[in-house]
Every structure is written in C-alpha cells, then in structure tokens.
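As structure tokens, the structure follows; a few thoughts come after it.
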Amino acid sequence: MAVPGTTSVGRTALAGLVTVLALAGPAPAQAQPAPPPAGSLAKVPVATGYGGAVATVDLDASRAALEILRQGGNAVDAAVAAAAVIGVTEPYSGGIGGGGFFVHYDARTGQVSTVDGRETAPARMRSDSFIDPVTRDPVPFAEAVTSGLSVGVPGTPRTWERALARWGTMSLADVLRPAIVVAERGFVVDQTFYDQTQANFARFYDILPTRQLFLPDGKVPPVGSRLHNHDLAATYRLIADDGVDVLYTGPIADEIVDTVQDPPVDPAATRNVRPGLMAAADLSAYQALDREPTRVRYHDLDVYGMAPPSSGGSTVGEALNILEEVGVSAADPVQSLHSYLEASRLSFADRNRYVGDPGFVSVPLAELLSQGFAAERACLIDPDHAAPGAVPPGSPDGQYEPCVAASGAATAAGNEGPSTTHLVTADRWGNVVAYNLTIEQTGGSGIVVPGRGFLLNNELTDFSFAPPASGLPDPNLPAPGKRPRSSMAPTIVLQDGSPLLAVGSPGGATIITTVLQILLNRLDLGMTLPDALAAPRASQRNGMTTQAEPAFIDAYGPALEAKDHAFGSTTEIGAATGLEFLGDGRMLAAAEPVRRGGGSALVLMPDRP
C-alpha cells in the first residue's frame, strides 16, 4: 500500500538561516496552540521545511540540535547535542545517569542500525536481589525505586561515544557545548517541570544532593524562575575534555559507586533507602552494543525497530503483522481500533513470556516476527468481541496452523516507569535518528551524584522481582550483567529503501501501544503525522481493562464497549515525537501539542533555498 502524499526523500545539500514555520493542523479532541509568527524560535509542535529537522520535548534541546545542523553536523551529531541538553532541562526523564536505544538510518548505505545503551545489572546482582532477606517477600516497588539497589550501570555516555564514532562528523566536545551553555545560564521552569518536581518533593527532600539541586531553599522552584546546574556543566566539561571514560574508569566512576553503595540520605529522614550492589568493575566493563534492528514488512513499507533487550521492536512488529492479517481501514475506524487493541493484547502476551536480554535467554525473535505466527495469533481475534481479559501466550515454534487456540497461563507485564523521552533528527543528506533515552521513573532513583549534577537511574526495577506464580520461565529475572527488558520503541519506516517516518515516545510499557497507534493513525486511518501524534490514545497491554485518555473514551468508548472492551481513564498516555519526509527534500517535524506541556519541532529552512 502506498502512503498517500509521500515520496522518497531528496538529498540536496542545503544551507541557510535557522528559521521555523509552524503548521498547527487540527487533532481530534485535542487543543492546538496558536502558531507563532513565521521566523520565530518559539516552542511549536509542527514545522515543515528543508535542510534538516528535529523534534524533542524541549525547545532548548531542539535549538541545540538545529544549531549543530546549521554548523554542518549531521543527524547523529544533532541527536547527541539534543540529548545532552535534555539532561539539563528534562533531567527527570533522561541524562548521563541512564541509558537508552539509538536507531539510525544511513543515507549513504541505505542501512538501518542500532546501538543498545541499556543499563546493566551489577555483577553481584542475583535473581533474588529484590527479595527482602527478612520477610522473604519482594521489596515494595516504591521502596525499590528510591534506592541504590535499583541503579543500573549507566549506558548513555557510551551510547553517545559509540554513535558519534560510527556515524558522527563532530567531536563529543563540540556537541556537548550547547548543553554546557544551557546548564550555566539556566533554564526557565515550566509547569511540567514544576509538577514533576512537586510530585517527587518528599523523596528529593530526603536525598541531600538532590534537595540541593532541585529544591533550592527546600522549595519547589516556581514556574518562570530560572534553574541553573553548574555541577552538570562542570561534569560535561570534564567529559568533553577527557572523554566518557571519566565516567566509567575515572573519578566520576568512583563517585557513582560511592553514591550507589552509600546513598547520601539526610540523617533526619525516615525513608529506607537501600544500598546498591554496583562496584567499580561494573562500570569499567560496560559496553554499548551494536545490534541488528527488528524489521517487519507492513503493506509496502519496511518498519525497523529496536531488538531485545527492548521489547519495542518485537511487540510493535508482531502487532503490525497481526493487523496485516485482519485488515484495518479508515472506512471503519471503530473496527480498526478494536483490531488494534486486540492485536496489542496478543502481542503483549507473547512479549511478557518470551522477551528478555538475548545474552541470557533464548528469544525466538524471528518467529515472533514471522507472518506465520501472526496469522495463527490473528485467528484468535473475534471481530465482534474483545477477549474477556488476559490471554495466554502463543507458541512461536515455526509450526503454525490456522486458528490454534493458545493455552496456559498469562504472564504479567511487570513495572515500568512512565518517564523516558524520545527525539528525532534528520539532516540535509537524508540521515535519520530516532533516539529513546531514559532514567526510568520520573526522577529516576531520586539520587543525584554529589557535586556532579545528574540523577542516577532506577532501571533495574524493570526486572521481575520474583518468579511468576504460574511457574512458567520468566525471561526477565535479574542476573549479573543482565539488561532489564525495556519497552522503548524508537522506530524508522522506509518506503522503497528511503526514509518515510521516524517516531517514538516515552511512557513505560505504553510506549509500545503509543508507537503502534501512531503508525495505525498515519498509515491506515488517513491522519497526517501531527494529527496522528495528537489523537487521543488507548493502551491495551493484556489486561482486564484498557487504559485510555478521556477524549478517546468520549469518542470511541460506547462503540467499543459494545464489543466488550472495558476502559479505565488516565490523564495522558505518552509524549511522542516524529518526523516525515514529504518528498522533494521537504521534511515535517512533529511533537505533542499538549501532552507534557507540548513539544518543540524545528526545521533548518522553511522555504526552498
């Protein structure tokens, strides 16, 4: 199926002034901010033009990426620059204390490649490390979040190093420079940052360096105030001068280990902040890994994503294969959304049962992404009725028959924090990056490394805390050096070998359904990319109820409830960014108009030079 209104991207060399044009298209049941005057650099969710494009959650991050593109850098250089600024302005979502997944399209070779920068468990971690030694029960989740025990070995600095070495054109020092400036001059606190800080007030207050950085004078900084991070600026300068080894084998490594093993808790606090298991050898051993991307054929498009230990590529890909079998159409959006929810339910059942770190478990990835397995699973979708609850996983064994009912116990999805961030970049040559980075929970572990200006992650809470009651094997139990399963799903879509779309989102396990629904909206339901991002969302993850935004329930709830779907309302799901190649060298960058305060889309030139 050809996507209406799209052609392959041109690769004309472009240069010019840094300007932006806002095209605020309508989105179902979502408010759209008024576009600013052309030529401004205000925060707007949509921009079209030439020479390069970027979409992030943050205006300062988007500006940094655009400045790198203006200087002649490529999409990789721009992505790392934006990510470094996010570590300053969106420190509760991403930063050098966390990890992520980097997906890259190389215009010269036509290849999609990925870097796995997921955090790893310390060598002393065991399958029962999240079992309380006294009670023999799993550690309470909230207690595990704010702890040294939850901190995995950070992967983001090695990801930047690896991506720049493979595909970049600028030095790490060059691309860190914009972030250093932002950290020194400070950034303006907006409502989202205020709300996130307020939500974390109690635990931030109990950790002395976190209180000092994010709660000046012991209070949440008010909206409109300016927050500086001189410690992070100094840390970035040290990395710029000496490379990322300072964080893995140098002085910062020792400080990270000390912080994890002896969290800097206020002696007056009553919070039980458990020490962690990380040692210096864990940091020095860390590597960001090159991995083959996942790939499925959807209509006439090639959809590339992130392979395990992320479950994003496998689960989005399996669900797309199921939708290819059952068929979806803009002529019947209710039926299409029913199929989307049921395909999500089935693919999550398989994700929970089979996906983990491939260095530790055998993941049947090729079979999970096979059309034969998808056909067997698609047969279970009743066009008139939703499944009554969680469904058991299928058998991706290569022996497929029509409409074979799955049997056995369903497995739980586990806990994943709602934070994370996603950004997209493209350059004048047609290179593309889709990059998810994270520290897990909003605010990560809540622990700032003293004097260094960054939060440590709590990614190890993505592991299963205990074996499932069903007795089935769990591919996501902790182990020494293991990477916890993730749902991050940075995705690049090619048409006839050239980039068409790039998209991704934060949101824990809802990342998968958000990316899947955006692809459905854009490729099948006739929406533009901005409308596909802004449209109300629903997330079915093999549960009794479907999590949905109020606007989705208002628009589709009655019709889908007639098909036995049950909904639970949630304020918002995800905060996506994406870009699209419109043909003749023109690019469209899109971010959220409203969710998480709205995102920032910029292009190098709004008009053809």
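The values are calculated or read from the model by the stated rules, or taken from the named source; none is laboratory data. Quick caveat, the model's predicted, so the values are computed rather than measured. Note that we place each Cβ from the backbone using ideal geometry, even for glycine, and neighbour counts take in every protein chain shown. Keep in mind that these areas ignore ligands, DNA and RNA; they rest on the heavy atoms of the full protein, side chains included. Shrake-Rupley method; radii C 1.70, N 1.55, O 1.52, S 1.80 Å.
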Task: Inverse of mean 1/r across different Cα pairs in the chain, Kirkwood, Å - done: 23.9 Å
Task: Sulfur and carbon atoms: percent of accessible area, the chain [1.4 Å] - done: 53 percent
Open item on the list: With θ taken as phi - 60° and the coefficients 6.51, -1.76 and 1.60, list the Karplus ³J(HN,Hα) couplings across the range 303-311 in order, rounded to whole Hz; mark glycine and proline as x.
Closed with: 9, 10, x, 9, 7, x, x, 6, 9
TODO: Specify which residue in the list Q441, S486, S310 is farthest towards the positive end of the charge dipole of the chain, using unit charges on the beta carbon of Lys, Arg (+1) and Asp, Glu (-1), about the Cα centre.
DONE: Q441
Open item on the list: Out of the trypsin sites (Lys or Arg not before Pro) in the range 128-218, which ones are loop residues according to DSSP with at most 15 other C-beta atoms within 10 Å?
Closed with: R136
Open item on the list: How would the range 197-289 be classified by its alpha-carbon gyration tensor: rounded, prolate or oblate, with rounded meaning a/c under 1.5 and the a/b versus b/c comparison settling the rest?
Closed with: oblate
Task: For the range 558-587 versus the range 191-212, the gap between their alpha-carbon centres in whole angstrom - done: 30 Å
TODO: Quote the accessible area belonging to S347 in square angstrom, nearest 10, computed with a 1.4 Å probe and with ligands, DNA and RNA left uncounted.
DONE: 0 Å²
Task: Cα-only radius of gyration and Dmax that characterise the range 100-217, units Å - done: 19.5, 58
Open item on the list: If every alpha-carbon in the range 102-170 counts as one equal scatterer, what log10 I(q)/I(0) does Debye give at q = 0.23, 0.25, 0.28 1/Å?
Closed with: -1.00, -1.11, -1.25
- [ ] Would you mind counting up the charge near Y400? Only other residues with Cβ under 12 Å from its Cβ, with Lys and Arg at +1 and Asp and Glu at -1.
- [x] -4
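How long are the three semi-axes of the equivalent ellipsoid for the range 51-152, computed from the Cα gyration tensor as the root of 5 times each eigenvalue, in whole Å, largest first?
Working: eigenvalues 281, 59, 16 Å².
Taking √(5λ) for each Cα gyration eigenvalue gives 37, 17, 9 Å.
What's the Kirkwood radius of the range 160-210 in Å, using all Cα pairs? Don't jump to the answer; show the numbers that get you there.
Working: mean 1/r = 0.0716 Å⁻¹.
For the range 160-210, the Kirkwood estimate is 14.0 Å.
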Open item on the list: Quick check: net charge around A173, other residues with Cβ under 11 Å of its Cβ, Lys/Arg +1 and Asp/Glu -1?
Closed with: -1
Open item on the list: Heavy atoms of the protein only, probe of 1.4 Å, neighbouring chains included. What is the accessible area of V134 in Å², nearest 10?
Closed with: 130 Å²
Task: Part-to-part distance (alpha-carbon centres) for the range 251-279 and the range 112-146, which is given in Å - done: 15 Å
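Find the relative contact order for the chain and round it to a whole percent, using C-alpha pairs within less than 8 Å whose residues are 6+ positions apart.
This gives 27 percent for the chain.
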- [ ] Could you do me a favour and compute the accessible area per residue for the chain, 1.4 Å probe, result in Å²?
- [x] 33 Å²
Open item on the list: Under the rule of at least 5 residues apart or a separate chain, name every residue whose amide H is placed under 5 Å from the amide H of F567.
Closed with: T546
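Suppose we take every Cα in the range 334-389 and form the convex hull; what volume per residue is that in Å³? Working shown, then result.
Working: hull volume 4.5 nm³, N = 56.
About 80 Å³ per residue, rounded to a whole number.
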